[in-house]
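To start, the structure under review is shown below, and the notes come after it.
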Amino acid sequence: MQKIIRILFVLLLITTNSSRAQQKSSSGIQFRENTFAEALQVAKKENKLVFLYVYATWCGPCIELKMTTFKNKSVGSLYNSTFINFSLNGEKGEGPMLAQKYGFQGYPSFFFIRPDGKVLYRAEGFYDSKGFVELGQEVFKISKR
């Protein structure tokens, strides 16, 4: 019986690691799993803006973004190389405090934030892949002025 349990445990570990590897190798936007303060520190170190995506679990356009736009290879290529990507549930954890700080008005909201914590650009609503790439390119141009 113990042998069967060990085999099942090893299979579970293999499956979990395989799933994580697939997620990391996906071509879409890679959101960081840390605190917002840590994202700002990384942005300062790498001289990049933080792309802050504020969502709610019940938000239809947020779900559609996650399933389509954020998985797009062109979107991922631009955002992963240009910004420090951070997503945040606006109703849990750091969400309500940051939503209030940055004056967010609805879901989904996008903030492009300088390493000092000041908002450079904000946008709201659903974007298809093409529109989201254009948004990222425009914000990058603005940041270099």
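The values are calculated or read from the model by the stated rules, or taken from the named source; none is laboratory data. Computed from a predicted structure; not experimentally measured. Because the Cβ atoms are built from the backbone with ideal geometry, glycine has one as well, and the counts that use them run over all protein chains shown.
Conditions (1) more than 17 Å from residue 32 (Cα to Cα); (2) surrounded by 15 or more Cβ atoms within 10 Å (Cβ to Cβ), marked per residue:
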| position | (1), (2) |
| --- | --- |
| 51 | no, yes |
| 68 | yes, yes |
| 105 | yes, no |
| 110 | no, yes |
| 118 | yes, no |
| 130 | yes, no |
| 134 | yes, no |
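Name the strands (runs of 3 or more DSSP E) wholly within region 58-145 that hold at least 1 residues that are modelled with pLDDT of 95 or more, more than 15 Å from the chain's Cα centre (by Cα) and under 16 Å from residue 40 (Cα atoms)?
119-124
Contact list please: Cβ distance under 7 Å, first residue in region 52-76 and over 17 Å from residue 112 (Cβ atoms), second residue among the β-branched types (Val, Ile, Thr) and at pLDDT 95 or above, pairs at least six apart or on different chains.
74/133
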